[in-house]
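Notes to accompany the following structure.
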Amino acid sequence: MFKRNRQKLRHTFDELLLKDIDNAKIAWDQARQTQEAVYDVDDELLAETCLARAKYEFLYREAKRRQVKGRMQASVFDH
């Protein structure tokens with residue numbers, strides 16, 4: 001009984017993690033595009049891009065560590 005509940009919770013949180021990875025990848029791509037589009041890049045814009053990348057990489061490593069099985073966006077693998 002407890003094993004089924006644990007598996008169900010794991011599956012639920014794995015799905016949430018995959019959604020967070022997709023959202024982080026989209027945010028990182030947008031930050032990179034903004035950085036490339038702006039002529040005069042300031043430190044704040046660079047910091048936002050670095051932060052978006054760090055969030056994405058952290059979530060991606062966590063998914064690998066937890067051996068998450070599921071479907072990710074195709075753009076996630078462009079990393």
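The values are calculated or read from the model by the stated rules, or taken from the named source; none is laboratory data. A quick note: this is a predicted structure, and the numbers were derived from the prediction, not measured. Note: ideal-geometry Cβ built from the backbone for every residue, glycine included; neighbour counts use all protein chains shown.
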**Prompt:** Do we have any residue at all in the range 27-40 that's within 26 Å of G70 (Cα to Cα), among the acidic types (D, E), out of contact with any strand residue (DSSP E or B) (no Cβ under 9 Å at 6 or more places or on another chain) and in a helix (DSSP H, G or I)?
**Reply:** yes
**Message:** Any residue that is among the polar types (S, T, N, Q), at pLDDT 95 or above and surrounded by 12 or more Cβ atoms within 10 Å (Cβ to Cβ) - is there at least one of those in the range 31-42?
**Reply:** no
**Request:** For K3, work out the one condition from (1) loosely packed, with under 10 Cβ neighbours inside 10 Å; (2) in contact with a helix residue (DSSP H, G or I) (Cβ under 8 Å, 6 or more places away or on another chain) it doesn't fulfil.
**Result:** (2)
**Request:** Check whether at least one residue in the range 52-66 is in a loop (DSSP other than H, G, I, E, B) and within 30 Å of H11 (Cα to Cα), and report yes or no.
**Result:** yes
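Out of curiosity, is L59 in contact with a helix residue (DSSP H, G or I) (Cβ under 8 Å, 6 or more places away or on another chain), at pLDDT 95 or above and surrounded by 11 or more Cβ atoms within 10 Å (Cβ to Cβ)? Reasoning before the result, please.
Numbers: in contact with a helix residue (DSSP H, G or I) (Cβ under 8 Å, 6 or more places away or on another chain): yes; at pLDDT 95 or above: yes; surrounded by 11 or more Cβ atoms within 10 Å (Cβ to Cβ): yes.
In short, yes.
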**the range 1-25 - residue that is of a type outside the set (D, E) and in contact (Cβ under 8 Å) with a residue 40 or more places away in the chain and, of those, farthest from R66 (Cα to Cα)** = K25
